[in-house]
Amino acid sequence: MKLKPLADRVVLKQLQAEEKTKSGLFIATSAQEKPEMYEVIEVGPGGMVDGKEVAMCVKKGDKVLVGKYTGTNVKVEEQEYSIVRQGDILAIVED
């Protein structure tokens with residue numbers, strides 16, 4: 001099954017939490033904080049949203065930051081995804 005977002009929505013996959021500190025100590029799984037960084041999996045076509053033209057600024061493969069309680073979480077074939085509006089994305093992370 002494949003998710004295809006509509007309008008200005010974006011499908012995101014959460015990136016893995018850090019398992020070690022910078023000094024090399026391992027962090028217990030229960031103590032790891034979920035990162036707010038995601039990878040863009042699919043991007044909607046944009047178009048007219050609420051009477052305004054929306055151009056999509058993100059693309060598949062981008063790494064982005066979103067707020068903690070943003071979007072709708074779904075599970076497809078044992079994989080968890082978040083679906084958010086493009087306006088809920090705070091920043092694109094560039095390496």
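What to note about this one:
- Restricted to strands (runs of 3 or more DSSP E) entirely inside the range 30-92, those with at least 3 residues that are of a type in the set (A, V, I, L, M) are 37-43, 63-66.
- Selection count where residues are assigned to a loop (DSSP other than H, G, I, E, B) and modelled with pLDDT of 65 or more, scope the range 10-20: 2
- Taking the conditions (1) surrounded by 10 or more Cβ atoms within 10 Å (Cβ to Cβ); (2) within 11 Å of the chain's Cα centre (by Cα); (3) more than 15 Å from Asp8 (Cβ to Cβ) in turn, Val74 satisfies each one other than (2).
- Positions within the range 73-95 being free of Cβ contacts under 8 Å to residues at least 40 places away in the same chain, touching a Ser or Thr at 6+ places or on another chain (Cβ under 7 Å) and within 25 Å of Ala55 (Cβ to Cβ), in sequence order: Asp88
- Count of residues meeting criterion [touching a strand residue (DSSP E or B) at 6+ places or on another chain (Cβ under 7 Å) and farther than 17 Å from Asp88 by Cβ] in the range 34-62: 3
The values are calculated or read from the model by the stated rules, or taken from the named source; none is laboratory data. Given the structure is predicted, the values throughout are model-derived calculations rather than measurements. Here Cβ is always computed from backbone atoms with ideal geometry, including for glycine, and neighbour counts include all displayed protein chains.
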